[in-house]
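Reviewing the structure listed below.
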Amino acid sequence: MRYMKKIAVVVLALALSVQSLSNSRSLAASTDNGISVQSVTTDSITTLLSIDSDGATRCKTTIIGKSNTTRIEGTMKLKKVTSSGTTTVKSWNISCNDRILIVSKTCYLLSKGTYRLDVKVKVTRNGVSETITGSHTAKY
């Protein structure tokens, strides 16, 4: 078990080292009266979408829940962006029963264009659930 935790820490460190290439944000929401409210379940969400010249596409997300997070579950969707909206190209269900979720998927794109990786998860901590979202856009 310690070995797996060490691997998770190394993978997390690598994920954070490419932060300049990805969309990472601390989690805060703004209410109608302009007051910022910090997430009660999640420390951060990072999304990364990279597309090679041959269409090979890597979709990655890292979600770090606060201590006592017991479940992270949701979807990661790769979408093609057009002038009339978006079309889902690929969708994955993602989940874990821990405070850190790291998911990396690969697929191949057949047509050029702008693509967006959308992540939407429900994070549960101390019996409280909260929906967290993240996205990253890239061109092929």
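The values are calculated or read from the model by the stated rules, or taken from the named source; none is laboratory data. Given the structure is predicted, the values throughout are model-derived calculations rather than measurements. Virtual Cβ from ideal backbone geometry, glycine too; neighbours counted across all protein chains shown. Just the protein is used for accessible areas: all its heavy atoms, side chains included, with ligands, DNA and RNA removed. Shrake-Rupley method; radii C 1.70, N 1.55, O 1.52, S 1.80 Å.
Taken per residue, the accessible surface of region 42-100 reaches 47 Å², heavy atoms only and a 1.4 Å probe.
Let's test the formula: R0 of 22 Å, r as the Cβ-Cβ distance of T70 and S50. What FRET efficiency results, to the nearest 0.05? Please report the intermediate quantities before stating the final value.
Numbers: r = 31 Å, r/R0 = 1.42.
Step by step, r from the Cβ atoms, then E = 0.10.
The heavy atoms of T137 offer some 70 square angstrom of accessible surface to a 1.4 angstrom probe.
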